[in-house]
Amino acid sequence: MRGTDIIVLSALAFVAIAGLSALSRIPLAYGLLALGGFWVATLIFLKLSRAFRTQRIAEPAGQTDFLSGTRFAAMLTDALPQAIAVLDRDGRVLHANPMAQSLVGIDLPGRPLSVYVRDSGITDRLATALAGYTPEPLMVHREVPTESYISLLFSAVTPADDGSGRMIVLVVMNDVTELVLGGQRRADFLANASHELKTPLASMLGYIETLRGHARDDPEAQQRFLAIMEQQAQRMQRLINDLLSLRRIEQSEHIAPTETADLDLSIRAAIESVAPLAEARNVKLKYKKKKRAIAPGHQDETIQLCLNLIENATKLSPDGSTVHITLSAFDQWKPGIPFADGRLPDSAMTREINPAPTSPLPIYTITISDTGPGFSREHLPRIGERFYRVAGDLSSKEKGTGLGLAIVKHIARRHRAGLYVRSEPGTGTEFCIIYTKSSDVSEPPQMSDANIASTSG
């Protein structure tokens, strides 16, 4: 209803009220009062009607802005089963869906994507996107916390269409670690296996040929050659088992364990397994525990980690020496903790193989110390490398496959555990593994020290 309509109706109502007042002898003032009330009510109704109509018109427009702007992109990416981030023209993260936050650790919008994914190719891809073209995919190699490969797919720039004039770029991120490393591991596996198996196979073939020829009628030589062949066969068996173990661990290295492991149980199981070797070499295994320790990890893999380190320390220790194993707990991380329970001097050469966890939770350390020949400076950087052997004074039977410390390194990476080594030539070597406390396990009261000694002869 328009204003002119109200004036015409009011005039007609005034004439009608005046006529009724004259015929019925009702005072004209009452009629005018009724007319005024009708007018006020009509104005209020018109105002409310206009406001309601404006609100109804505004709501769809507001929804259109929401659904076509940056917030619509955020809502859409949150619903998609892929890691997606929304960037502005400067490469800053406007929004990242939960999968993107988990994949690359985006924790605060407004920072450049390069803060979370460090690669110089991001700038080039972003420039191509801003020019209106779809960039080539970018493969990013990350080494922290574990080695991984992430594929980044950039869209061409598009306006946000929310009235702000903002331009946005969508980035789809995919974890392709298993695809990339799987191919590399298969190639490495074949190359390493063929190289390491070539020597014992050639040796066995030579002895078989000798047994068929010159030693055919020599029982003493036959027994000697058969014993050597058995050693070579056992070496190949150990090599194959270690290769399979290493490949299995590497395949799941980028996935942190969801269960918990008892570190004390792992150490005791490892000591029990190494006890016959220690007895044969006249080496004592001394274990000191300061506190019960439950940490995130896979129990069998934790046992394997401790077993490899304790077995290596036993093989490298001289006759009559002692291998010290210590399990300790600390309230927080601080410099010096890796070897707080160590026995070597502070001047010993130290190497960080895996970085220590930075969690504020209590930290557990497993320190394994031997009194063997130690590592020289040139060997220390290569500890944990596949098939790298430094025990030149050991027999071929005791040298192992060269995969033990590589397995230790990859188990520690999978468990997000720190791994340190320090060594002093002529004095000994110490390894330290650093675990964080499991957040869902309460600690019992402080326990008394425990000592386990495996003593030969």
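The values are calculated or read from the model by the stated rules, or taken from the named source; none is laboratory data. In this text the structure is predicted, and so the values were computed from the model without any measurement. Quick reminder, even Gly has a Cβ in these numbers, built from the backbone with ideal geometry, and neighbours come from all protein chains shown. Remember, those area values only see protein heavy atoms, side chains included, never the ligands or the DNA or RNA. Shrake-Rupley method; radii C 1.70, N 1.55, O 1.52, S 1.80 Å.
Quick rundown of the values:
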{"read-out": "The stretch 276-324: C-alpha pair distances exceeding 18 Å, %", "value": "40 percent"}
{"read-out": "Convex hull volume per residue in cubic angstrom - Cα atoms of the stretch 246-294", "value": "106 Å³"}
{"read-out": "Length released on extending from N241 to R89, taking residue separation times 0.36 nm less the Cα-Cα span", "value": "49.5 nm"}
{"read-out": "Separation in nanometres of the label points that stand 7 Å from Cα toward Cβ, at D175 and L361", "value": "1.8 nm"}
{"read-out": "Per-q log10 I(q)/I(0), the stretch 218-312, q = 0.21 Å⁻¹ (Debye; single scatterer per alpha-carbon; no solvent)", "value": "-1.13"}
{"read-out": "Cβ-based net charge around V93, under 12 Å, with every Lys or Arg adding one and every Asp or Glu removing one", "value": "-1"}
{"read-out": "Volume per residue of the C-alpha convex hull in the stretch 292-383, rounded to whole Å³", "value": "123 Å³"}
{"read-out": "Quarter of Cα convex hull surface for the stretch 75-233, i.e. mean projection, nm²", "value": "13.9 nm²"}
{"read-out": "Sequence ranges 106-113, 92-99, ranked by mean other-Cβ count within 10 angstrom, highest first", "value": "92-99, 106-113"}
{"read-out": "Mean accessible surface per residue for the stretch 104-247, computed with a 1.4 Å probe while every protein chain stays in place, in Å²", "value": "59 Å²"}
